[in-house]
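The values are calculated or read from the model by the stated rules, or taken from the named source; none is laboratory data. These numbers were taken from a predicted model, which means no experiment stands behind them. Virtual Cβ from ideal backbone geometry, glycine too; neighbours counted across all protein chains shown.
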């Protein structure tokens, strides 16, 4: 596994760290391949209960490694198509992970870095974070799920503004527009994300995973199909150890101990 992306799991809390700080964690071949590997590893980790996605250095992820991608402009279409064939599967798997995913946005993000952050269920950002689309500024179009994930969070009008005008948005604006869920002082980001991950790791992660799947399904199917999906999920939840422990704890007026 490459050193460009690090992965570890401890006490049910997984962490994926983009590790090319000198390049702003830009998504080049090595970092992109590393992301594909570690997301697959996270999906297969039997003890994973929550996942944190973060970037080392001053930036979260500035987007694609344009300098290297454009070294051979004639080969650019093939380069982009080949890299996205891998990255598309990765971001889809990241979005559908059956555990809560937290993005810890420590600094600037742009391009595909937006897709990585918004693939998470919860986006916690430092007050130093800034977001910029950047695609159309160099004649390119969104990738890594940005068009779908940005629309899901910001709505059509704001997604168009972000992607058409390429303005740099401050953290507070991103919070107001629904792109970030929380903004905290930069020095408090790690403490806040770690506390939130610990809270989720001790929760009923099986029920959270089924709830996550239901919410995603609700975007693409009608009410009757969604009601049927809820019925199946509720029956599966009711048959599980989490429900037995949760109900027992409620009856005994104590905190549940989910495992």
Based on what the data block shows, is residue 147 closer than 18 Å to residue 87 by Cβ, surrounded by fewer than 18 Cβ atoms within 10 Å (Cβ to Cβ) and at pLDDT 95 or above? yes
In region 99-128, residue nearest to residue 206 (Cα to Cα) [restricted to those that are in a helix (DSSP H, G or I) and in contact with a helix residue (DSSP H, G or I) (Cβ under 6 Å, 6 or more places away or on another chain)]: 118
Only one of 259, 253, 248, 212 is within 29 Å of residue 146 (Cβ to Cβ) and either in a helix (DSSP H, G or I) or modelled with pLDDT under 95 (or both); which? 212
Could you check region 21-45 and list, in sequence order, the residues that are surrounded by fewer than 23 Cβ atoms within 10 Å (Cβ to Cβ) and part of a loop (DSSP other than H, G, I, E, B)? 24, 28, 45
Residues of region 46-95 classified as surrounded by fewer than 14 Cβ atoms within 10 Å (Cβ to Cβ) and within 22 Å of residue 201 (Cβ to Cβ), total: 2
Report whether or not residue 14 is buried (at least 19 other Cβ atoms within 10 Å of the Cβ) and modelled with pLDDT under 95. no
In region 133-140, is there at least one residue being touching a helix residue (DSSP H, G or I) at 6+ places or on another chain (Cβ under 9 Å) and within 18 Å of residue 18 (Cα to Cα)? no
Quick check, is residue 173 modelled with pLDDT of 95 or more, assigned to a helix (DSSP H, G or I) and not assigned by TED's automatic domain parsing to the domain that holds residue 83? no
Tell me, which residue of region 233-259 that is over 28 Å from residue 10 (Cβ atoms) and surrounded by 12 or more Cβ atoms within 10 Å (Cβ to Cβ) is nearest to the chain's Cα centre (by Cα)? 233
Scope region 222-232; condition part of a loop (DSSP other than H, G, I, E, B) and surrounded by 12 or more Cβ atoms within 10 Å (Cβ to Cβ); matching residues: none
Qualifying residues in region 21-55 (those that are farther than 18 Å from residue 10 by Cα and without any contact (Cβ under 8 Å) to a residue 40 or more places away in the chain) - the one farthest from the chain's Cα centre (by Cα): 22
Could you please let me know if residue 131 is in contact with a strand residue (DSSP E or B) (Cβ under 7 Å, 6 or more places away or on another chain) and either over 24 Å from residue 216 (Cα atoms) or assigned to a loop (DSSP other than H, G, I, E, B) (or both)? yes
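Yes/no per residue for (1) in the same structural domain as residue 126 (by TED's automatic domain parsing); (2) in contact with a helix residue (DSSP H, G or I) (Cβ under 9 Å, 6 or more places away or on another chain); (3) farther than 23 Å from residue 133 by Cα; (4) at pLDDT 95 or above:
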{"site": "32", "(1), (2), (3), (4)": "yes, yes, no, no"}
{"site": "39", "(1), (2), (3), (4)": "yes, yes, yes, yes"}
{"site": "49", "(1), (2), (3), (4)": "yes, yes, yes, yes"}
{"site": "60", "(1), (2), (3), (4)": "yes, yes, no, yes"}
{"site": "73", "(1), (2), (3), (4)": "yes, no, no, no"}
{"site": "76", "(1), (2), (3), (4)": "yes, yes, no, no"}
{"site": "97", "(1), (2), (3), (4)": "yes, yes, yes, yes"}
Quick one: which residue in 178, 198 is at pLDDT 95 or above and outside any helix (DSSP H, G or I)? 178
